[in-house]
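Have a look at the structure below, then the notes.
The values are calculated or read from the model by the stated rules, or taken from the named source; none is laboratory data. The model shown is predicted, which means the values in this text are computed figures rather than measured ones. Ideal geometry is used to build each Cβ from the backbone, glycine not excepted, and the neighbour counts take in all protein chains shown.
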Amino acid sequence: MKKVLSLILAAALMLCFAACSQQPASTTPDNATVIKMGTNAAFPPYEFKEGDAFKGIDVDIATEIAKELGAKLEVVDMEFDSIITSVQKGEVDFGMAGMTVTDERKLEVNFTSSYATGVQVVIVNEGSDIKSLDDLEGKKIGTQLGTTGDIYSKDDYGEENVVSYSKGADAIIALKGGDVDAVIIDNEPAKAFVAQNEGLEILETEYAIEDYAIAVKKENTELLDKINAALEKLTADGTIDKIIANYISAE
Ligand code: ARG
């Protein structure tokens, strides 16, 4: 009887070993849960790459949120245009990319409370005859595909007048080369691009004022609540302000 029991035990143990060793590599070495952030790391100072490392306001805030959730952050870089679909499919847990809350996007994903304000601005070559939004009429406008700047300018100035690039930086190259007459993009990346490139300026007029928030899959209200709680804490204790001040100097 004893022998039978130990045989069964041994068999059970073996089964367990087999099952355990078949576990996919989903567990990280340090055994922390991984939380995946979908972003487009071509949008300084919110997200950008320095060598292989992801940096920026969103990356730092997401790192703190992950800590609050007891998880480890993994950044997944993709086209801005793909982030919402990726969130919907569950390929990433949330999307964070200086992403503007819009009514259209609210139909596709849920948004957390807002953690920053964005402004769509117009960049032109210094000395351009474009001085105001009205002057954009009939001009060629460069944008980043799928962004609010892209969507709104196609509406306001006609699809045939807007050239959508996969990266904001590519729109800037087109502006410098004369392929487009203006670029419409969020103010902080605009400032970064103008600082990196000589001969560009940002018009005084603001095209649109918007709220940035984190996109979560509609069904995943548990995660939405957790991120909102984390955001609330990180706002109250000054962490978010500190992170933003690390990248943006107060005017
Ligand atoms: N705020 C704009 C939008 O939501 C542009 C965001 C672009 N972000 C990025 N990481 N490329 O449409």
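Those residues that are free of Cβ contacts under 8 Å to residues at least 24 places away in the same chain and in a loop (DSSP other than H, G, I, E, B), I need them from the stretch 126-138; list them, please.
Passing the criteria: Gly127, Asp129, Glu137, Gly138.
Conditions (1) more than 15 Å from Ala208 (Cβ to Cβ); (2) without any contact (Cβ under 8 Å) to a residue 24 or more places away in the chain, marked per residue:
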| site | (1), (2) |
| --- | --- |
| Asp77 | yes, no |
| Asp81 | yes, no |
| Leu107 | yes, yes |
| Tyr152 | no, no |
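Restrict the check to the stretch 204-220 and report whether at least one residue is under 17 Å from Ile35 (Cβ atoms) and surrounded by fewer than 18 Cβ atoms within 10 Å (Cβ to Cβ).
Yes, because at least one residue in the stretch 204-220 is under 17 Å from Ile35 (Cβ atoms) and surrounded by fewer than 18 Cβ atoms within 10 Å (Cβ to Cβ).
From the set of residues in the stretch 93-108 that are outside any loop (DSSP other than H, G, I, E, B) and within 12 Å of the ligand (Cβ to nearest atom), which is farthest from Ala229 (Cα to Cα)?
Applying the filter and picking the extreme gives Glu104.
Select from the stretch 175-195 the residues that are closer than 23 Å to Pro45 by Cβ and more than 16 Å from the ligand (Cβ to nearest atom) and list them in ascending order. Outline the logic, then answer.
Within the stretch 175-195, the subset closer than 23 Å to Pro45 by Cβ is 175-176, 182-195.
If the condition is that a residue be closer than 23 Å to Pro45 by Cβ and more than 16 Å from the ligand (Cβ to nearest atom), then Leu175, Lys176, Ala182, Val194, Ala195 are the ones that fit.
Check the stretch 220-237 and report whether any residue there is modelled with pLDDT of 95 or more, closer than 25 Å to Val109 by Cα and in a loop (DSSP other than H, G, I, E, B). Spell out how you get there, then give the answer.
At the first step, the residues of the stretch 220-237 found to be modelled with pLDDT of 95 or more are 220-237.
This time we only want the ones that are closer than 25 Å to Val109 by Cα, so: 220-235.
Subset that is in a loop (DSSP other than H, G, I, E, B): 220.
Looking through the stretch 220-237, at least one residue is modelled with pLDDT of 95 or more, closer than 25 Å to Val109 by Cα and in a loop (DSSP other than H, G, I, E, B).
From the list Ile172, Ile123, Ile185, Ile141, exactly one residue is surrounded by 21 or more Cβ atoms within 10 Å (Cβ to Cβ), over 17 Å from Tyr207 (Cα atoms) and either in contact (Cβ under 8 Å) with a residue 40 or more places away in the chain or in contact with a strand residue (DSSP E or B) (Cβ under 7 Å, 6 or more places away or on another chain) (or both). Which is it?
Ile172
Here's the yes/no breakdown for (1) of a type in the set (A, V, I, L, M); (2) surrounded by 17 or more Cβ atoms within 10 Å (Cβ to Cβ):
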{"position": "Ile130", "(1), (2)": "yes, yes"}
{"position": "Asp134", "(1), (2)": "no, no"}
{"position": "Thr148", "(1), (2)": "no, yes"}
{"position": "Ile151", "(1), (2)": "yes, yes"}
{"position": "Glu159", "(1), (2)": "no, no"}
{"position": "Ser164", "(1), (2)": "no, yes"}
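Of everything in the stretch 43-54, what is over 16 Å from Ala195 (Cβ atoms) and within 11 Å of the ligand (Cβ to nearest atom)? Give them in sequence order.
Glu47
Among (1) acidic (Asp, Glu); (2) part of a strand (DSSP E or B); (3) under 22 Å from the mean Cα position of the chain (by Cα), where does Glu188 come up short?
The one condition Glu188 does not meet is (2).
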